[in-house]
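Visitor: Here you go, one structure.
The values are calculated or read from the model by the stated rules, or taken from the named source; none is laboratory data. This structure is a prediction, so every number in the text was calculated from the model and none was measured. Methodologically, a virtual Cβ is constructed for each residue, glycine included, from the backbone with ideal geometry; neighbour enumeration extends over all protein chains shown. Heavy atoms of the whole protein, side chains included, go into the accessibility calculation; ligands, DNA and RNA do not. Shrake-Rupley method; radii C 1.70, N 1.55, O 1.52, S 1.80 Å.
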Amino acid sequence: MHKPFLTLTVLFFLPLLLQAQQTISGRVTTAKRKPLAGVNIAIKGSYDGTSSKADGTFSFTTAATGERFITASLTGYQTLEIKADVADAQQLQLVLRETVNELKMVTISAGSFEASDEKKNTMLKPLDIVTTAGANADIVSALRTLPGAQQVGEKEGLFVRGGTGYETQTFIDGMMVRNPFYSGMPDFAARGRFSPFLFKGTTFSSGGYSAQYGQALSSALVLESTDLPDRSSYSLGLGTVGPSVGVDILTEDKKKAYGFEADYTNLAPYFALVKQQQKPTIAPEATNASANYRLKTSSTGMLKFFVTGSWNRFGFQGESLEHPGYKEDFELENYNIYTNLNYKESLGKGWRMNLGTSWSTNRDRIYMDTIGWSPDPSRVRARQDLSQFRMVFSKNIGRYSLLRFGSEYQYADERSAFDQYNADYVDSYAAGFVEGDIYFTPRFVGRLGGRYEYSSLLANGNIAPRASLAYKLDGRSQVALAYGEFYQKPEPQFLRFSHDLGYMRATHYIASYQRISEFYTLRAEVFYKEYYDLVKTVPDYSNNGNGYAKGIELFWRDRKTIKNVDYWLSYSWLDTKRDYLNYPYRVQPDFAADHTATLVYKHYISALQLNLGATYSFATGRPYYNPNRPESEFMEDRTRTLNTLSLNVNYITKIGKAFTVFVFTMTNALGNDQEYGFRYSSDKMRRAMVGPMAPRFFYLGMFMSFGIDRTQEVINRQ
């Protein structure tokens, strides 16, 4: 009885229902009129819609009437929203524009390697720094596996493209770090002070870097501190050199975080097992602590503060080169504090502001004695204080381009005393810069800028223009060119004795090609660098030095060809000569090798949760000074070729709820001789090889992390 009634009702109202339905139709294309399939077209605020066909056409009906918003969306394209009267919405022509994401945008790349948690097209991730065999979680040691960096083991610092370690400067959140390395003893390199996990991004610029940074003649290492963590975490570590602990708390409102890290190192047990080249009189001992506070001040603002402090001491006794049969004592005690306060905020209408200040102090007390020979031991006291302020403003111009400008001020107080002799100075340094990233198209960008600097100590200023161009050849490849003038004050050890010195200067020319996909990276770069006004110490202190450096660098990384294997290979050819310090003429300096190559290999065995790593480094022999040769053969002698193989094994597991890694690492596993150079006695009769304290160094440790499981992160890096 009900069915006939329902049928009659439908038939009665059918014409009315059909009359209420409206058809919306049209075609979706790109700006180049290429049809787009799979585009979701819908009436905003309703369920009425459809997807476009292969030829870009679409059609659907709706009961909606009047003016409505019609949207069209597709991944990789900007969502389109138009207002139209439904009754007239037939044969619509919708044009979607591509979203210019990070992979499609060309970026300034000449001379720069990035390690970042956030950017997809970076060369390295912070975890790479920790898991690279031989790096021992030291940022600088990990960066030595990249092209451009020299394998220098007797001095701290990054020696890049014919530049000294001093010519590479470290910046944290834009501000220079006066003492980024621990204080060490002569002819033995010290490691960096900062943990790689303090930073979310690391940019290693081997040349041609931004006008934002100055006072680095060759290279800049730019570190960006972490923001708020995803969750609270705790960590514990225990190793053959000492324990460590860390806490990182994220508040419930997820707007604040605070934490601290501390570790203690004592090499006395290690030295009891492993004999050192020199007898330790005070086994190396160190305490490090850091604390941080981060506050999300608004949806676009962030305030970050962190402070680190360290204390370390050591003492060694070795055979005297100058006085046969006698012993030389060397002891050092060091204190260091570094603070950094940084505030970022959006000012609206495309403007952003970045303010920062930092203060650091470093104190060394050195004791030197030739036991039984010299009447009194020598004592050195050195203190370096650096205060600085920095502000940077940036403004988006158009869709992609950016203008930034800013200034900074540094006040350096350098004090040192050798026995009763003092050599102190202060310097007020001010700088301003302006720079623009100008996107002519999403595939073609230019960075043009300049920097002005003034030093009260040098009583002089300089202007440093810089320019870069990059062009995207396709979705994965790009070419780039860079040019720049770079100035740097002479090293403090020279400024202490002469205030008449001026800036050193270098001109960089760089051309690069890189191709980056999800699993592969290929990069080739050529460069030429001219040095001017380098410091000469003979016959008097002056800026009469000069030099050049040129070279070719290659980098290849592959994360796919071999299952569960990630490896990279870097190679550098360097031709450099300089006339500086006491050099009689232009020669290849003692820190530069003609050929350098590194192979880093990481293999993850998922069934065993085991990560195996190896790093092989090679460098041709470096020049060293032999006083027994005539001046015409200055620096003609060469050290042995450097070959080192470092290994590490990481076993990843869980103990309770803690992500746990057991680590074993060994440097120079084959025990190859590492010859960094030679020192001669003043009568030229005796010499001593400069090399590491021991043929090998090994470390065994365990790290537990509560709150953050890095297992998948480790696996994803394979």
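Visitor: Considering only segment 445-459, how many residues are over 25 Å from the mean Cα position of the chain (by Cα) and more than 24 Å from Met391 (Cβ to Cβ)?
Guide: Selection size over segment 445-459: 1.
Visitor: Could you go through segment 614-622 and let me know if any residue there is surrounded by 15 or more Cβ atoms within 10 Å (Cβ to Cβ), under 30 Å from Thr537 (Cα atoms), hydrophobic (A, V, I, L, M, F, W, C) and in contact with a Leu (Cβ under 9 Å, 6 or more places away or on another chain).
Guide: Scanning segment 614-622, I find at least one residue that is surrounded by 15 or more Cβ atoms within 10 Å (Cβ to Cβ), under 30 Å from Thr537 (Cα atoms), hydrophobic (A, V, I, L, M, F, W, C) and in contact with a Leu (Cβ under 9 Å, 6 or more places away or on another chain), so the answer is yes.
Visitor: Assess whether Ser477 counts as being among the polar types (S, T, N, Q), over 28 Å from Glu453 (Cα atoms) and modelled with pLDDT of 95 or more.
Guide: Values: among the polar types (S, T, N, Q): yes; over 28 Å from Glu453 (Cα atoms): yes; modelled with pLDDT of 95 or more: no.
Here the answer is no, as Ser477 does not meet what is asked.
Visitor: Would you be able to say whether some residue in segment 668-675 is at pLDDT below 95, within 20 Å of Asp590 (Cβ to Cβ), of a type in the set (D, E, K, R) and open to solvent by less than 80 Å² (accessible area, probe 1.4 Å)?
Guide: yes
Visitor: Looking at Val445, Val479, Val434, which is the one that is surrounded by fewer than 19 Cβ atoms within 10 Å (Cβ to Cβ), under 30 Å from Ser517 (Cβ atoms) and in contact with a Phe, Trp or Tyr (Cβ under 6 Å, 6 or more places away or on another chain)? Even if it seems obvious, please write down each step before you answer.
Guide: Values: Val445 fails: surrounded by fewer than 19 Cβ atoms within 10 Å (Cβ to Cβ); Val434 fails: under 30 Å from Ser517 (Cβ atoms).
None of the other options fit; the residue is Val479.
Visitor: Looking at segment 523-579, which of its residues are of a type in the set (A, V, I, L, M, F, W, C), surrounded by 18 or more Cβ atoms within 10 Å (Cβ to Cβ) and either in contact with a helix residue (DSSP H, G or I) (Cβ under 6 Å, 6 or more places away or on another chain) or within 20 Å of Gln151 (Cα to Cα) (or both)?
Guide: We begin by selecting, within segment 523-579, every residue of a type in the set (A, V, I, L, M, F, W, C); these are 524, 526-527, 534-535, 538, 549, 552, 554-556, 562, 565, 568-569, 573-574.
Now drop any that are not surrounded by 18 or more Cβ atoms within 10 Å (Cβ to Cβ), which leaves 527, 534-535, 549, 555, 568, 574.
Correct list: Phe527, Val535, Ala549, Phe555, Trp568, Leu574.
Visitor: Select, from Leu198, Leu228, Leu217, Leu238, the only residue that is buried (at least 21 other Cβ atoms within 10 Å of the Cβ), touching a residue at least 12 places away in the same chain (Cβ under 8 Å) and of a type in the set (A, V, I, L, M).
Guide: After ruling out the rest, the residue left standing is Leu217.
Visitor: Tell me, which strands (runs of 3 or more DSSP E) lie completely within segment 254-335 with 1 or more residues that are closer than 23 Å to Thr370 by Cα?
Guide: 279-295, 302-319
Visitor: Considering every residue within segment 193-203, establish whether at least one is assigned to a strand (DSSP E or B), within 30 Å of Gln278 (Cα to Cα) and over 12 Å from the mean Cα position of the chain (by Cα).
Guide: Within segment 193-203, not a single residue is assigned to a strand (DSSP E or B), within 30 Å of Gln278 (Cα to Cα) and over 12 Å from the mean Cα position of the chain (by Cα).
Visitor: Here is a follow-up. Can you name the number of the only condition in (1) over 30 Å from Gly239 (Cβ atoms); (2) modelled with pLDDT under 85; (3) open to solvent by 40 Å² or more (accessible area, probe 1.4 Å) that Val106 fails?
Guide: Just one mismatch for Val106, condition (3).
Visitor: Mind telling me which of the residues Phe418, Phe440, Phe389 ends up being open to solvent by 70 Å² or more (accessible area, probe 1.4 Å) and either of a type in the set (S, T, N, Q) or at pLDDT 95 or above (or both)?
Guide: Phe389
Visitor: Just to verify a result, which residue in segment 318-376, among those that are basic (Lys, Arg) and more than 30 Å from Val690 (Cα to Cα), is most open to solvent (accessible area, probe 1.4 Å)?
Guide: The extreme case among them is Lys349.
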